[in-house]
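Have a look at the structure below, then the notes.
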Ligand SMILES: Cc1ncc(COP(=O)(O)O)c(C=O)c1O
């Protein structure tokens with residue numbers, strides 16, 4: 001099939017089941033009506049990537065209210081790794097819905113909460129004894145990790161990193177690097193948050209000695225930031241094993257291990273925020289496994305509940321138990337329907353096919369876009385893709401030229417792909433990165449078609 005970014009309208013009967021279909025231009029007439037209604041009733045504070053209203057999901061595809069079948073390269077921001085309508089998730093969640101929807105785990109208990117904690121204790125990196133606390137959102141998990149680290153160490157300060165994203169609550173806004181849109185006009189932000197440098201793999205020198213010096217320099221920068229307030233004042237350092245919203249930044253080899261060493265030496269709790277990169281997305285259960293590093297605390301959310309709100313803080317038993325009874329919780333923390341969804345996700349992870357799916361996606365994306373790299377030893381000679389990076393089903397294409405980042409190309413290509421029925425997000429501090437987060441269950445032919453469309457969109461944006 002020849003890829004096109006035209007909003008070509010096709011007859012539904014001519015298109016095989018599960019393939020992309022544009023029944024109308026996007027957004028279609030019904031979506032446009034609903035969008036007008038949305039503008040009348042919903043705060044303008046919520047942005048939207050594509051103003052299309054979804055009716056249902058089928059496998060890895062989203063079907064909108066006008067009958068358009070959209071290839072999903074977003075997974076609701078790395079959430080629906082098993083697809084947004086996975087039958088096993090639906091089955092377990094539906095059965096739970098008919099038993100009971102809620103008791104509040106702090107009032108009366110249910111065993112699915114305990115089973116989710118047991119699975120995370122067993123499968124998160126680190127061979128030590130662990131305990132887990134469940135919550136609802138990713139930001140809530142981050143906030144609670146800081147509460148736990150402060151309670152266990154009785155220290156105030158938190159170290160975060162350049163390009164970090166940890167959420168939109170007051171503390172997590174302060175921990176997030178990018179101001180606009182996340183914390184613009186929302187201050188004053190909580191204090192006690194310090195920011196250190198990272199060592200992005202795509203910026204490291206190619207030779208081994210140069211790469212090692214690059215990592216050492218970043219780690220020396222981390223030590224310098226700790227020294228500002230005194231390392232003994234830091235409760236936690238929080239790092240994403242692959243930075244998500246910041247541009248799918250993979251750390252240079254040795255950087256995470258270096259942070260591990262610094263944290264241990266100063267008695268600082270190392271919190272690894274696996275909220276976006278965890279639960280199989282990178283081709284390993286947890287992304288920190290690629291670096292052979294275990295956090296004292298590992299955070300999970302997003303794909304954990306397959307779209308039902310569920311997050312987790314899993315850590316060393318002595319840290320997790322340092323908090324006084326009643327100090328942690330929340331009305332909806334570890335909701336039973338969400339716990340059943342997580343147990344379905346664990347079942348689906350068992351045979352390794354989801355991890356294989358993630359690795360196939362990385363292979364296909366690299367094979368497709370690495371030949372288009374414009375980078376050479378002297379830097380990007382002409383406008384185009386200057387970096388193809390990421391791991392598994394968490395891949396990014398960065399755009400630039402000799403003058404620097406080119407968000408205009410990323411935005412134009414993403415918009416063309418979106419209009420052609422391939423849902424694609426941008427990210428990065430400069431907005432010059434297209435990120436690909438397909439469900440891990442994306443069929444190879446659907447993936448290939450989505451990449452055809454995206455490639456045509458990029459070529460169009462560059463011409
Ligand atoms: C690494 C990371 N941490 C934390 C969060 C916040 O999660 P939530 O939006 O569920 O609060 C996100 C969300 O994108 C994330 O990617």
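Looking only at residues of the range 127-149 that are in contact with a strand residue (DSSP E or B) (Cβ under 9 Å, 6 or more places away or on another chain) and assigned to a loop (DSSP other than H, G, I, E, B), we find that the one that is nearest to the ligand (Cβ to nearest atom) is 137. Only one of the numbered conditions (1) within 19 Å of residue 202 (Cα to Cα); (2) buried (at least 24 other Cβ atoms within 10 Å of the Cβ); (3) in contact with a strand residue (DSSP E or B) (Cβ under 8 Å, 6 or more places away or on another chain) is not met by residue 255, and that is (3).
In the range 99-110, the residues that are in the same structural domain as residue 134 (by TED's automatic domain parsing) form Cβ pairs under 6 Å with partners that are assigned to a helix (DSSP H, G or I), at six or more places apart or across chains, as follows: 105/113; 110/336. Which one of these does residue 119 not meet: (1) away from the ligand (no atom under 16 Å from the Cβ); (2) in contact (Cβ under 8 Å) with a residue 24 or more places away in the chain; (3) within 23 Å of residue 256 (Cα to Cα)? Among (1) away from the ligand (no atom under 16 Å from the Cβ); (2) in contact (Cβ under 8 Å) with a residue 24 or more places away in the chain; (3) within 23 Å of residue 256 (Cα to Cα), the lone unmet condition for residue 119 is (3). Scanning the range 190-213 for residues that are within 26 Å of the chain's Cα centre (by Cα) and within 25 Å of residue 248 (Cβ to Cβ) turns up 193, 194, 195, 196, 197, 198, 199, 200, 201, 202, 203, 204.
Do we find that residue 278 is within 12 Å of the ligand (Cβ to nearest atom) and either at pLDDT 95 or above or outside any loop (DSSP other than H, G, I, E, B) (or both) in this structure? Yes. Under 30 Å from residue 327 (Cβ atoms) and more than 16 Å from the ligand (Cβ to nearest atom): does that describe residue 112? Against the criterion (under 30 Å from residue 327 (Cβ atoms) and more than 16 Å from the ligand (Cβ to nearest atom)), residue 112 qualifies.
Please state which of the following conditions residue 288 fails to meet, knowing it meets all the rest: (1) farther than 28 Å from residue 343 by Cβ; (2) in contact with a strand residue (DSSP E or B) (Cβ under 6 Å, 6 or more places away or on another chain); (3) part of a helix (DSSP H, G or I). The one condition residue 288 does not meet is (1).
Only a single criterion out of (1) within 16 Å of the ligand (Cβ to nearest atom); (2) in contact with a helix residue (DSSP H, G or I) (Cβ under 9 Å, 6 or more places away or on another chain) is not satisfied by residue 243, namely (2). The residue that is farthest from the ligand (Cβ to nearest atom), among those in the range 150-173 that are within 16 Å of the chain's Cα centre (by Cα) and assigned to a loop (DSSP other than H, G, I, E, B), is 163.
The values are calculated or read from the model by the stated rules, or taken from the named source; none is laboratory data. The structure presented is a predicted model; accordingly, all values stated were derived computationally and were not measured. Glycine also receives a Cβ, built like all others from the backbone with ideal geometry; neighbour counts cover every protein chain displayed.
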